[in-house]
Amino acid sequence: MTALAPSRELAVDAKTAPTAESIYVSILSEPTSLATAHPFAAHVLACALTMGVMESLETGATISCALGLDRRALNQLTLQWAPAARDLFDLVREPQDCARDEEEEQLHRLLTRFRADPSPLCAWMTAIVARRAMSPRHLWQDLGLLERSELTRLMNEWFPTLAAANTDNMKWKKFFYRKLCELEGFSLCVAPTCGECGDFDNCFGEEHGASALARLTRR
Ligand code: SF4
């Protein structure tokens, strides 16, 4: 399920604690022509922005830190794709620059190497995926997506060569690290092949869990 139609029913009320769903709906409430023409991209960005706002409200972190985007990138992204998100920034700490640590930098380099094109959108997706991959849950959950298949679609659209290399449908975060190891010429794998490895479920098992936006799918 993707790209839900915006509705004013769940509009954010600053006096009550907004839910993830109300934030998502508010973010998409003033779609630009770009967002209308590319609903999946608009949905992915709205999911990520929702996670950024939620984390800012819950932890006091800035949206920049939650999403790996500096103030300028956030301004451009929201202007082009989700101008209504800018109203929500009044509820949280002002966006600012937020540096990547070494691990995230390596992942960012990997994604940059395989990104589909040099467009700003692809650069933003790269930064967002790298930053959210530093969070502890399944990557699709930490991106705020509705289900894992949306992450696979994201990878296919913005990192197609990398996505095509995940022939066995490995968990995406595991796959990223495996790829990083391969490129460095070593392996963290504990067995010569996946079939005989005791870590198999860790790398390929189901990725259960609820989406932060699960209620949207029940409307
Ligand atoms: S299942 Fe084992 S061998 Fe396969 S990628 Fe995971 S750790 Fe490596």
How do the pairs read when you match residues in segment 114-130 that are under 20 Å from Cys65 (Cβ atoms) with residues anywhere that are open to solvent by 40 Å² or more (accessible area, probe 1.4 Å), using Cβ under 6 Å and keeping only pairs 6 or more apart or on different chains?
-> Thr126/Thr112; Thr126/Arg115
Here the residues within segment 161-219 that are more than 19 Å from the chain's Cα centre (by Cα), near the ligand (Cβ under 9 Å from one of its atoms) and among the charged types (D, E, K, R) are Asp168, Arg178, Glu196, Asp199, Asp201
Scan segment 186-219 residue by residue and report those that are modelled with pLDDT of 80 or more and open to solvent by 80 Å² or more (accessible area, probe 1.4 Å).
-> Glu196, Gly198, Phe200, Asp201, Glu206, His208
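Table: residues versus (1) in contact with a helix residue (DSSP H, G or I) (Cβ under 8 Å, 6 or more places away or on another chain); (2) assigned to a loop (DSSP other than H, G, I, E, B); (3) open to solvent by 50 Å² or more (accessible area, probe 1.4 Å); (4) over 30 Å from Glu30 (Cβ atoms).
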| residue | (1), (2), (3), (4) |
| --- | --- |
| Asp87 | yes, no, yes, no |
| Arg100 | yes, yes, yes, yes |
| Asp117 | no, yes, yes, no |
| Thr126 | yes, no, no, no |
| Glu150 | yes, no, no, no |
| Lys174 | yes, no, yes, yes |
Starting from segment 167-179, take each residue that is more than 14 Å from Arg132 (Cβ to Cβ) and list its partners that are more than 10 Å from the ligand (Cβ to nearest atom) and among the polar types (S, T, N, Q), counting only C-beta distances under 6 angstrom and pairs at least six apart or across chains.
-> Phe175/Asn166
Apart from one, (1) without any contact (Cβ under 8 Å) to a residue 40 or more places away in the chain; (2) under 21 Å from Val44 (Cβ atoms); (3) of a type in the set (Ser, Thr, Tyr) all hold for Thr193; the odd one out is (2)
What residue, of Leu77, Leu107, is out of contact with any Pro (no Cβ under 6 Å at 6 or more places or on another chain), on the phi < 0 side of the Ramachandran plot, open to solvent by less than 30 Å² (accessible area, probe 1.4 Å) and in contact (Cβ under 8 Å) with a residue 60 or more places away in the chain?
-> Leu107
Which numbered condition Ala82 misses (of (1) within 15 Å of the ligand (Cβ to nearest atom); (2) under 18 Å from Val53 (Cβ atoms); (3) not basic (Lys, Arg)) | (1)
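The values are calculated or read from the model by the stated rules, or taken from the named source; none is laboratory data. Given the structure is predicted, the values throughout are model-derived calculations rather than measurements. Here the Cβ is made from the backbone with ideal geometry for all residues, glycine too, and neighbour counts use every protein chain on show. Quick note on the areas: whole protein, heavy atoms, side chains included, nothing else; ligands and nucleic acids left out. Shrake-Rupley method; radii C 1.70, N 1.55, O 1.52, S 1.80 Å.
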